[in-house]
1. On a 0 to 90° scale, report how tilted helix 2-19 is relative to the longest principal axis of the chain, with both axes built from alpha carbons and the result rounded to the nearest 10.
2. What value, in deg cm²/dmol to 500, does the helix sum -39500 (n - 2.57) over DSSP H runs of n ≥ 4 give at 222 nm once divided by the residues of the chain?
3. Would you mind calculating the gained length between Thr26 and Gln94 on full extension (0.36 nm times residue separation, minus the Cα-Cα distance), in nm to one decimal?
4. Considering the Cα trace of the chain, what is its radius of gyration and what is Dmax, both in angstroms?
5. What residue among Gly327, Gln219, Ala140 has its Cα farthest toward the positive end of the dipole of the range 120-343, where the charges are +1 on Lys, Arg and -1 on Asp, Glu, each on the Cβ?
6. Could you check the simple spin-label distance between Ala165 and Asn63, using points 7 Å along Cα→Cβ, in nm with one decimal?
7. Expected output is a single nm value to one decimal: the length gained when fully extending between Arg302 and Tyr78, i.e. 0.36 nm times separation in residues minus the C-alpha distance. What is it?
8. Taking the Cα centre of the chain as origin and charging only Cβ (+1 Lys, Arg; -1 Asp, Glu), how large is the dipole, in debye to the nearest 20?
Amino acid sequence: MLKNFLAGCIAFLCSQSLLAQTDSTTKSVTTFTGSLDAYYRYNFSGPEAGKTNNLTSFTHSVNSFELGMASLKVDHSYGKISATADLGIGRRAQEFTYTESGVNAIIKQAYISYAPSSAVKFTMGKWATHVGYEMVDAYANRNYSMSYGFSYGPFFHTGIKADIALGGKSALMVGIANTTDYLSAPSAVSFVLAQFSTATSNDKLKAYLNFQGSTELTQCNLVLTGALSDKLTMAYDGSVLTTHTNGANDSWNSHALYLNYDPIKSFGLTLRGDYFSDRKISPLVTTSGGSVFATTLSGNFRCSNLTIIPELRLDYDSDPVFSKNGGSDKKSTASFILAAVYKF
C-alpha cells in the first residue's frame with residue numbers, strides 16, 4: 001500500500017513537471033515571521049523539591065521565570081513550489097521535539113510543497129500535527145498552559161501528504177508518515193494520516209475530522225469551532241486513542257471545551273474545561289487508569305503584537321498525584337501563570 005501510494009505521488013509530480021512551462025514573470029517571495037514567549041508559574045500546593053504539579057506540556061516549573069520559546073519561521077515560494085523552515089529554542093521547542101537531540105531538536109517544521117493546481121498540493125518533510133485544536137506556538141492559543149489532549153496526543157509528523165480541495169468549503173488531506181513524533185523512523189511502522197474539513201458558507205461553523213493510525217494505534221479526533229456572536233466564540237476538541245500492542249486494547253479519551261469572550265479588541269477571556277480519561281496508557285496522568293479534569297481561565301490583554309496572559313488553573317485527579325511539601329499527596333491543585341507573548 002505504502003509503495004503504491006509513493007509511486008503514484010512521484011508519477012503525478014513528474015507528469016506535472018513535464019507539462020509545466022517556464023514563466024519569466026514568476027516571482028520569488030520570502031517572508032520571515034517569529035515569536036517569543038516567557039512566563040512565571042506559581043503552584044499554590046507548595047510541592048516538594050523537584051516536583052511541579054504540572055502534568056501537561058511546556059510549563060514544568062515552580063516559582064521561577066522561564067523562557068517558553070523563541071521561534072523564527074521562514075517561508076519561501078516560487079510559482080507552484082514553496083518551502084518552510086520553522087525553528088525554535090526553549091522549553092516548548094525541547095518538549096515538542098522530545099525524540100530528537102542536537103540541531104534536529106530546534107527544527108519544529110521543515111517541509112517542501114508543490115501545488116500542480118489550485119485544488120491539489122503535495123507536501124514532504126516534517127510538519128506540526130493536524131490532530132487537535134491547540135498549537136505549539138503560544139501566540140496561536142488563548143490559554144497559555146496546554147490541555148491534556150494536546151499533551152498526550154501527537155505533536156508532529158514526518159512524511160508525505162496531499163491536500164485536496166473538494167469544492168466549496170470542504171477539503172481532504174491524506175498522507176503517510178513515520179512513527180508519530182519521530183523525525184527518523186525508529187522502526188518500519190508507517191502511520192496513515194487523514195483529515196476531512198468543512199464549514200458553513202459564512203465560516204461561522206467549522207469542522208475537522210482527523211485521523212492517525214497504524215498497526216500499533218489508532219486515534220480519531222474531532223475539532224469544532226463556532227461563532228455565537230461577534231464577541232462570543234467557542235471550540236470543542238475531542239480524541240479517542242486506542243493501542244493495539246501485546247494483545248491489549250488500552251485507550252484514553254480527551255475532551256476540551258473553549259469559550260472565548262472578547263468585549264473589546266484589546267481584551268478577551270477564555271474559559272477551558274479539559275477532561276482526560278486514562279486507561280493505563282499514560283501513567284504520568286493517573287496511577288490507576290482514572291481520570292483528570294482541569295478548568296483554566298485566561299485573560300488576554302493585547303497591545304499591538306504583544307499579549308499579556310494572566311491565568312488561573314485548577315486540576316482535579318481521581319488519584320492523589322499532586323505533591324504537597326510536608327504532607328500527603330493531594331487529588332487537586334491550583335496554579336497561577338503570568339505570560340508575555342510577542343509575535344512579529
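1. 50
2. Values: 3 runs with 29 residues, N = 344.
Calculated at 222 nm, the ellipticity per residue is -2500 deg cm²/dmol.
3. Working: separation 68, 0.36 × 68 = 24.48 nm, distance 3.80 nm.
That pair, Thr26 and Gln94, stretches by 20.7 nm at full extension.
4. 21.3, 73
5. Most positive-ward Cα: Ala140.
6. Rounded to a tenth, the inter-label distance reads 5.7 nm.
7. Values: separation 224, 0.36 × 224 = 80.64 nm, distance 3.46 nm.
Fully extending the segment from Arg302 to Tyr78 adds 77.2 nm.
8. On the way: 27 positive and 25 negative charges, 106 e Å.
The dipole of the chain has a size of about 500 debye.
Where a number appears in this text, it was derived from the coordinates with a stated rule and is not lab data. What you see is a predicted model; the values in this text were computed from it and never measured. Using ideal geometry, Cβ is built from the backbone for each residue, glycine included, and neighbour counts are taken over all protein chains shown.
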